[in-house]
Amino acid sequence: SGSLPVYVLICYIQIFFVLHKSSLNSNQLSPKEAAVVQENTSSRNASSPNTIVLVWPWPFGYSFDSESCGPTYGITGCHLTDDRSVYGRAHVVMFHHRDISGLVMCQRWVWMNMESPDFSASVPSMDNLFNLTASFRRDSDIWVPYGQLVGISEEDEPFRIPTKDKLVCWIVSHWKSEFKRVQYFEELRQHMEVNAYGHSFGKHMSDQDFQAVIPSCKFYLSFENSVYKDYITEKLFNPMIMGSVPVVLGPSRENYEEFIPADSFIHVDDFKTPKELAEHLKLLDQNQEMYEQYFAWRKHFVARRSDFGLEHACRICDHIKRNKGYRVFKNLNKWYWG
Ligand SMILES: *[C@@H]1O[C@H](CO)[C@@H](O)[C@H](O)[C@H]1NC(C)=O
């Protein structure tokens with residue numbers, strides 16, 4: 001792509017949302033190099049009557065009627081579109097050289113992901129494709145944590161610990177017996193009552209239930225679905241926002257302490273066994289003064305969740321305004337999936 005003439009001097013950013021492994025998995029695209037990229041459509045053709053052709057953009061700006069293949073060429077079952085929101089469903093993407101070549105030199109592609117490596121599939125063809133990374137990992141070019149503590153301001157209402165009628169709660173949707181969190185929970189509940197909600201317990205939680213339950217629990221199990229450095233999600237920030245004390249299972253205590261104060265949470269690793277954790281929680285239940293210590297951080301900070309996607313886009317914008325240099329990310333797969 002190095003010898004392409006520059007037709008257009010304006011650069012824009014292309015943000016890649018790698019949200020669901022399945023949607024990108026089957027797209028082994030290398031769109032920067034190819035004018036027309038064909039993918040294996042066998043599995044999709046069966047379910048969709050139309051083959052979707054995403055035209056990116058209309059060559060020279062002239063659009064076609066979306067159903068014109070039939071009447072014009074007798075080729076049926078084709079749907080032409082320039083609607084980029086169908087990208088994840090399109091069978092093929094047609095890039096018009098002249099309309100994209102000016103960008104190739106200076107446009108940046110940012111790989112964005114919020115899922116842990118266990119819940120997003122490695123895609124070898126993504127090596128050498130992106131320029132920058134945006135994720136929860138602190139060593140991303142653009143770091144976007146799931147949430148953070150920010151300095152308190154005058155608009156923030158003074159904090160009061162919500163009324164409690166439960167000791168420990170857990171809301172969980174994704175349940176697999178091999179998850180570390182599930183094994184820990186199974187053992188913990190042999191030593192104390194855990195109010196468990198969500199799919200696996202036949203207790204569906206609406207948004208409202210969610211907002212009501214968490215504050216009513218003294219402790220909330222902020223158990224991550226997989227254990228990776230910096231993978232500290234809304235499971236931690238929700239109870240911190242809502243006035244419950246998080247009991248965390250995830251990366252090391254040291255890693256958590258890079259995000260939140262040491263005395264604002266309980267780590268399962270602080271105890272040799274789930275039984276010892278249960279004993280500590282029961283002790284705190286009897287000692288209000290000790291319990292309230294976990295809210296000391298509230299004097300100085302409030303917890304916030306990040307806006308999924310929007311915060312990424314804005315931080316990416318900020319980053320590229322300040323960093324205009326050339327950059328290629330060669331080893332995405334090795335970096336992320338190891
Ligand atoms: C972005 O990366 C691609 C390789 O994937 C490279 O061709 C392109 O020049 C890079 N752009 C910038 C501005 O670094």
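In region 149-305, a dipole from Cβ-located charges (positive for Lys and Arg, negative for Asp and Glu) runs towards its positive end, and of S222, A212, V172 it is V172 whose Cα lies farthest in that direction. As a calculated quantity, the FRET efficiency between M192 and R253 at R0 = 30 Å, using C-beta atoms, amounts to about 0.90. Quote the relative contact order of region 149-305 in percent (integer), defining contacts as alpha-carbon pairs under 8 Å separated by 6+ residues. Relative contact order, region 149-305: 27 percent. Bridgeable lysines around K282 (alpha carbons under 30 Å apart, same-chain partners fewer than 8 residues away excluded): K164, K166, K176, K180, K203, K218, K229, K235, K272, K299.
The helix-only estimate of mean residue ellipticity at 222 nm for the chain, built from DSSP H runs of length n ≥ 4 each weighted as -39500 (n - 2.57), is -7000 deg cm²/dmol after division by the residue total. Largest mean-square fluctuation among G151, G88, G325, in a Gaussian network model of the chain whose springs join Cα atoms under 10 Å apart, belongs to G325.
Give me C169, C217 ranked fewest to most by other Cβ atoms within 10 Å of their Cβ, as a rough exposure proxy. Let's see the in-between values first.
Details: C169 21, C217 24.
Exposure proxy ranking, most exposed first: C169, C217.
Take every pair of alpha-carbon atoms less than 8 Å apart whose residues are at least six positions apart; their mean separation over the length of the chain yields a relative contact order of 19 percent.
Using 0.36 nm per residue, how much length does the chain from R84 to W335 gain when fully extended, once their Cα-Cα distance is taken away?
On the way: separation 251, 0.36 × 251 = 90.36 nm, distance 2.88 nm.
Value of the extension gain: 87.5 nm.
Dipole size of the chain about its Cα centre, with +1 on Lys/Arg Cβ and -1 on Asp/Glu Cβ: approximately 700 debye, rounded to the nearest 20. Residues whose amide H comes within less than 5 Å of that of G309, counting only those at least five positions distant or on another chain, are absent (H built at 1.01 Å from N in the peptide plane). Applying both filters, DSSP loop and at most 14 other Cβ atoms within 10 Å, to the GluC sites (Glu not before Pro) of region 222-267 gives E257, E258.
Panel values: the chain, Kirkwood radius from alpha carbon pairs, Stokes-Einstein at 25 °C and 0.890 mPa s, translational diffusion coefficient 105 µm²/s.
Relative to the present Cα-Cα distance, how much length would full extension add between K164 and K275 at 0.36 nm per residue of separation? Intermediate results must be reported in sequence, preceding the final value.
Details: separation 111, 0.36 × 111 = 39.96 nm, distance 2.27 nm.
The K164-K275 span can extend by a further 37.7 nm.
Based on DSSP, what percent of beta bridges with both residues in the chain are antiparallel, to the nearest 5? Please report the intermediate quantities before stating the final value.
Numbers: 10 of 41 bridges.
Close to 25 percent.
With one equal scatterer per alpha carbon and no solvent term, the Debye-computed log10 I(q)/I(0) for region 144-215 at 0.23, 0.29 1/Å reads -1.14, -1.30.
Looking at region 149-305 alone, DSSP beta bridges between its own residues are antiparallel in about 25 percent of cases. Overall, region 149-305 carries a charge dipole of about 380 debye about its Cα centre when +1 sits on the Cβ of Lys and Arg and -1 on the Cβ of Asp and Glu, all other atoms neutral.
What's log10 of I(q)/I(0) for region 149-305 at q = 0.17, 0.18, 0.20 Å⁻¹, Debye sum over Cα points only, no solvent? Listed by q, the Debye log ratios stand at -1.03, -1.17, -1.48.
Read-outs throughout are calculated quantities, based only on the coordinates presented, and are distinct from any laboratory measurement. Keep in mind the model is a prediction, meaning the values are calculated, not measured. No Cβ is skipped: glycine too gets one built from the backbone with ideal geometry, and neighbour counts run over all protein chains shown.
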